1. Of the residues 205, 182, 187, which is farther than 27 Å from residue 49 by Cα and touching a strand residue (DSSP E or B) at 6+ places or on another chain (Cβ under 7 Å)?
2. Does residue 54 count as under 15 Å from the mean Cα position of the chain (by Cα) and either touching a residue at least 60 places away in the same chain (Cβ under 8 Å) or surrounded by fewer than 15 Cβ atoms within 10 Å (Cβ to Cβ) (or both)?
3. Out of (1) surrounded by fewer than 16 Cβ atoms within 10 Å (Cβ to Cβ); (2) over 19 Å from residue 239 (Cβ atoms); (3) out of contact with any helix residue (DSSP H, G or I) (no Cβ under 6 Å at 6 or more places or on another chain), the odd one out for residue 24 is which?
4. Would you mind stating whether residue 90 is in contact with a helix residue (DSSP H, G or I) (Cβ under 7 Å, 6 or more places away or on another chain), at negative phi, in a helix (DSSP H, G or I) and exposed (fewer than 15 other Cβ atoms within 10 Å of the Cβ)?
5. When the range 57-74 is examined, which residues are found to be closer than 21 Å to residue 273 by Cβ and touching a residue at least 40 places away in the same chain (Cβ under 8 Å)?
6. Residue 245: surrounded by 20 or more Cβ atoms within 10 Å (Cβ to Cβ), assigned to a loop (DSSP other than H, G, I, E, B) and either touching a residue at least 60 places away in the same chain (Cβ under 8 Å) or within 17 Å of the chain's Cα centre (by Cα) (or both), yes or no?
């Protein structure tokens, strides 16, 4: 059983395709419709009450499918947008009023090579930062912790709070002593950064039940449980069929790494309420 008002802070929705045509995003392109109704059915089955749709480029470049879901379910949903640097103030206000709380910036590289092209860049973020800050939006960064260590001095000059995807996207075989991950844990303690306890299925080298990612999740909880949220990353685009995780496995990992019920409630309920304004 999950605590009342538990929140899934990282999901994507796609379709219906006749209303919201998909957009090619390479390996992260959707292969099937997963509209908001399918998301709610999943949440009902595992005890999730509300959550955050991270708009994906593959869902269309205009945020419309996410905007439609937020407008129809304002108490249950918040959103993270993909926008261009020349977006109008009127459109930013429209998204803010609907429940968007930030933008997602694609800075992800592995072994020095970009993992995915497209989305928003660091240049976009720098250009938009003052207007985002005026609306109390944050920047969600899809970035590996080694690259975050290098970029942090630049990022911290901007008037923004940062949410780091997927436990910092450090591959498990690098170990928790990896300098980038150690540095991120220190930054997490400072309070300006948040982190999503998600993406174990993407960081693992050994597969289900993702035991090699346990030290990373435990280290993040030890660093600052007040700045953590949990996310499923449903519907798990980019996986091969045989590697798609189940929410039961992901929640099992979370419960194993966070045995204290009070800390679980903080991560699943209280922290999302603060970060996303539920």
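1. Exactly one of 205, 182, 187 is farther than 27 Å from residue 49 by Cα and touching a strand residue (DSSP E or B) at 6+ places or on another chain (Cβ under 7 Å), namely 187.
2. yes
3. (2)
4. No; evaluated as a whole, the condition is false for this residue.
5. Result: 66, 69.
6. So residue 245 fits the description; yes.
Since every read-out is calculated from the coordinates, none of them should be taken as a lab result. This structure is a prediction, so every number in the text was calculated from the model and none was measured. Every residue, glycine as well, gets a Cβ built from its backbone with ideal geometry; the counts of neighbours run over all protein chains shown.
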